[in-house]
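Single-structure report; data block below.
Since every read-out is calculated from the coordinates, none of them should be taken as a lab result. Fair warning: this is a prediction, and the values are worked out from it, not measured in the lab. All Cβ positions, glycine included, derive from the backbone under ideal geometry; neighbour counts span all protein chains shown.
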Amino acid sequence: NAGVTQTPKFQVLKTGQSMTLQCAQDMNHEYMSWYRQDPGMGLRLIHYSVGAGITDQGEVPNGYNVSRSTTEDFPLRLLSAAPSQTSVYFCASSPQDRVSNQPQHFGDGTRLSIL
Amino acid sequence: SQQGEEDPQALSIQEGENATMNCSYKTSINNLQWYRQNSGRGLVHLILIRSNEREKHSGRLRVTLDTSKKSSSLLITASRAADTASYFCATGGGATNKLIFGTGTLLAVQP
């Protein structure tokens with residue numbers, strides 16, 4: 001299994017451009033999520049999904065859109081890139097467990113710079 | 001806002017020594033997890049402790065949880081240079097698998 005795959009690994013954008021960060025997992029996990037990691041701030045949850053067709057906002061959702069049309073894919077869209085969105089973005093997945101949380105599997109991240 | 005805060009922010013030790021990192025959180029939880037992040041890589045799950053557990057072991061790792069103090073500690077025994085990484089605690093408590101991460105401890109193990 002490849003686990004969680006994120007593409008691209010690096011990207012530079014100009015302010016105002018849009019782009020989609022891709023995330024795919026091959027473990028048939030129901031739960032998927034997007035985090036951003038900034039120096040000294042740990043990981044902050046952007047959006048998450050508990051299954052195909054179901055998404056919800058996390059802690060810092062503004063400026064980002066997500067959709068979940070299949071179990072495997074969970075793309076993150078930047079609508080109009082801003083310098084404040086310069087960050088490292090991580091996608092994670094896990095089995096959904098309504099009783100207790102499960103360990104999450106992370107991709108290796110997308111390093112995004114907005115000029 | 002962050003749920004967890006790790007202490008210390010950075011820790012430097014010699015190979016063979018033990019490393020202890022602490023995590024404090026704010027609200028009631030279902031479980032607490034510890035993750036490791038090597039430079040330039042994603043996070044890797046280390047250990048999960050549930051709210052009704054007080055201590056858990058996995059190899060050289062020992063995690064404790066004190067729900068009355070809303071705190072947890074991660075002990076790495078007989079540290080190795082390969083343990084050099086950032087360590088994060090993460091708390092979960094809802095019906096979803098949503099986790100809230102702390103700010104991390106950067107551990108440097110000198111050979």
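For chain B, the Cα-based Rg and Dmax, in that order, read 13.3, 44 Å.
Among A:Val60, A:Val12, A:Val4, the order by Cβ neighbours within 10 angstrom, fewest to most, reads A:Val12, A:Val60, A:Val4. Per-residue Karplus couplings for region A:63-76, computed as 6.51 cos²θ - 1.76 cosθ + 1.60 with θ equal to phi - 60°, are listed in order as x, 10, 10, 9, 8, 9, 8, 10, 5, 7, 10, 8, x, 10 Hz, Gly and Pro entered as x. For the options A:Leu78, A:Leu45, A:Leu13, a Gaussian network treatment of chain A with springs between C-alpha atoms closer than 10 Å singles out A:Leu13 as fluctuating the most. Dipole magnitude for the protein assembly as shown: computed about the Cα centre from +1 point charges on Lys and Arg Cβ and -1 point charges on Asp and Glu Cβ, it is near 160 debye. Shown here for region A:34-105: trypsin sites (Lys or Arg not before Pro) in loop regions (DSSP other than H, G, I, E, B) with at most 13 other Cβ atoms within 10 Å, namely A:Arg98.
Normalising the Debye intensity of the protein assembly as shown to I(0), with uniform scatterers on Cα atoms only, and taking log10 at q = 0.09, 0.11, 0.17 Å⁻¹ returns -0.36, -0.54, -1.21.
Sorting A:Cys91, B:Cys89 from the fewest to the most surrounding beta carbons within 10 angstrom yields A:Cys91, B:Cys89.
Taken over region A:64-115, the convex hull of the Cα atoms encloses 101 Å³ per residue. Amide H contacts of A:Gly3 (H built 1.01 Å from N, in plane; Pro and chain starts excluded): A:Asp26 sit under 5 Å, all sequence-distant by 5 or more or on other chains.
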